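Have a look at the structure below, then the notes.
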Amino acid sequence: MGHRVYFPDLSDHPAGAITVSGEEAHHALRVRRLEVGDAIEVLDGKGLVAHTRIQSTAKTRDGWSMALAIDRLEHVPRPVPSISVASSTPKGARIEDVVDGLSQVGASGWHPLLTRRTVVDPREGKLERLERVAIEAMKQCGRAWRLDLGPTQRFTDFLKSPGHVIMADASGEPYAPTGANDITLLIGPEGGWEQTEIDLARSSGVTLARFGPHIMRTEVAAVVAASHIVSAERRQPA
């Protein structure tokens, strides 16, 4: 796998060179030991991918930097359909596994979900850390669009989501493709959905679906179900 770095905005650099500094440059030059002439793929997380080569390097008072010559700038369309996951936040570092796993399987976004049995409501500091996890996962798996991290919302808010809404629950039928362009997947808390939530979802037209024979932890269920939906629904962009 070639080396990838994150650069927040490539839209102003259709040609020429860009300068990358800080941790991204340090990792490339001091950890990976890349040199002038080596290829680097630059991702902005918004669909632009720059295929570059190291033009020069420099050690400054603030650390390392490298000038990258852009050979080709590629725009990658958003995956179709868009699959956003709303799940209750598990305790501790397990939420980082959710963001990392959803990034790898191709989900488009993640929201913290508040249900009657939700225990954890992630604060601003945790959400900032998850932004970095999403960026690192994007580089690791080579996706052009970074996993979007949305604000915390209540269960009832997601029942009104555009497109098709899926609730993961053992009482549902095995998942069947919907053909929708926008899909929202709801994953419940460790203690499971309350019956009133299941009843409200059904009456709101939400599809209940199951994704395996066993009860899974929240962080596992989110990634397994999202992967299943991506595989069942994925199609080429128009």
If I filter the stretch 79-94 for residues that are among the hydrophobic types (A, V, I, L, M, F, W, C), touching a His at 6+ places or on another chain (Cβ under 7 Å) and touching a residue at least 40 places away in the same chain (Cβ under 8 Å), do I get at least one hit? yes
When only residues in the stretch 28-72 that are under 23 Å from S103 (Cβ atoms) and either assigned by TED's automatic domain parsing to the domain that holds S103 or not hydrophobic (A, V, I, L, M, F, W, C) (or both) count, which is surrounded by the fewest Cβ atoms within 10 Å (Cβ to Cβ)? R32
Across the stretch 1-16, which residue is modelled with the lowest pLDDT among those that are surrounded by 15 or more Cβ atoms within 10 Å (Cβ to Cβ) and among the hydrophobic types (A, V, I, L, M, F, W, C)? L10
Considering residues that are within 15 Å of W145 (Cβ to Cβ), touching a strand residue (DSSP E or B) at 6+ places or on another chain (Cβ under 6 Å) and not in a helix (DSSP H, G or I), the number found within the stretch 86-114 is 4
Would you be able to tell me the number of residues in the stretch 172-191 that are closer than 20 Å to W110 by Cβ and small (G, A, S)? 2
Can you report the number of residues in the stretch 151-178 which are within 11 Å of A209 (Cβ to Cβ) and of a type in the set (S, T, Y)? 3
Given T52, T57, T89, which one is among the hydroxyl-bearing types (S, T, Y) and modelled with pLDDT under 95? T89
In the stretch 104-132, the residues that are closer than 28 Å to P8 by Cα and either touching a residue at least 60 places away in the same chain (Cβ under 8 Å) or touching a helix residue (DSSP H, G or I) at 6+ places or on another chain (Cβ under 6 Å) (or both): Q104, V105, G106, A107, W110, L113, L130
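The values are calculated or read from the model by the stated rules, or taken from the named source; none is laboratory data. Just so we're clear, the structure is a prediction, and the values are computed from it rather than from any experiment. Every residue, glycine among them, receives a Cβ derived from its backbone with ideal geometry; neighbour counts consider all protein chains shown.
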